[in-house]
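The values are calculated or read from the model by the stated rules, or taken from the named source; none is laboratory data. Just so we're clear, the structure is a prediction, and the values are computed from it rather than from any experiment. Keep in mind that these areas ignore ligands, DNA and RNA; they rest on the heavy atoms of the full protein, side chains included. Shrake-Rupley method; radii C 1.70, N 1.55, O 1.52, S 1.80 Å.
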Amino acid sequence: MSQPTNSNGQYVRRVTLPSGRSIEVVYFEPLGENARPAPLVDELHICPECDRDLVYPVEWEEASATHWEVVLYCPNCDWTEVGLHDQATVDRFDEQLDLGTEALVHDLRRLLQANMEDEADRFAAALEADAILPEDF
């Protein structure tokens, strides 16, 4: 949870470590002068150039208590952008990335299953044809 920024640009954010211990991090810098908020984009996973849902983050860094600087990349058209995005937008992007990961894992499992079945069928056919000898092992 972040506390309000004071007049010096300082703010405090409580961070919970993987061990379960909580610490307070004090930030002394306000949002950078040359940092610019990204244009209003609701769906970071959709490329504004080619409209494909393949965009993924290349780098990300906390820019302030409420914003993240994210480098986005689309492998379909090589579009890239660096922008500042609020926490809610980044959270939605993270959910889309999780859904994409789940879809990839599901497809990988299906391919592994199909490959294993094919390998087992070929092995059984080789055994039946006496094509496997003891010296093959």
Inset, instruction - Name the residues whose placed amide hydrogens come within less than 5 Å of the amide hydrogen of Ala65, ignoring near sequence neighbours (fewer than 5 apart) on the same chain. - result: none
Inset, instruction - Taking H placed 1.01 Å from N in the peptide plane, check which residues at least 5 places from Arg52 or on another chain put their amide H under 5 Å from its amide H. - result: Cys47
Inset, instruction - Roll a 1.4 Å probe over the protein chains and send me the accessible area per residue for the range 48-137 in Å². - result: 75 Å²
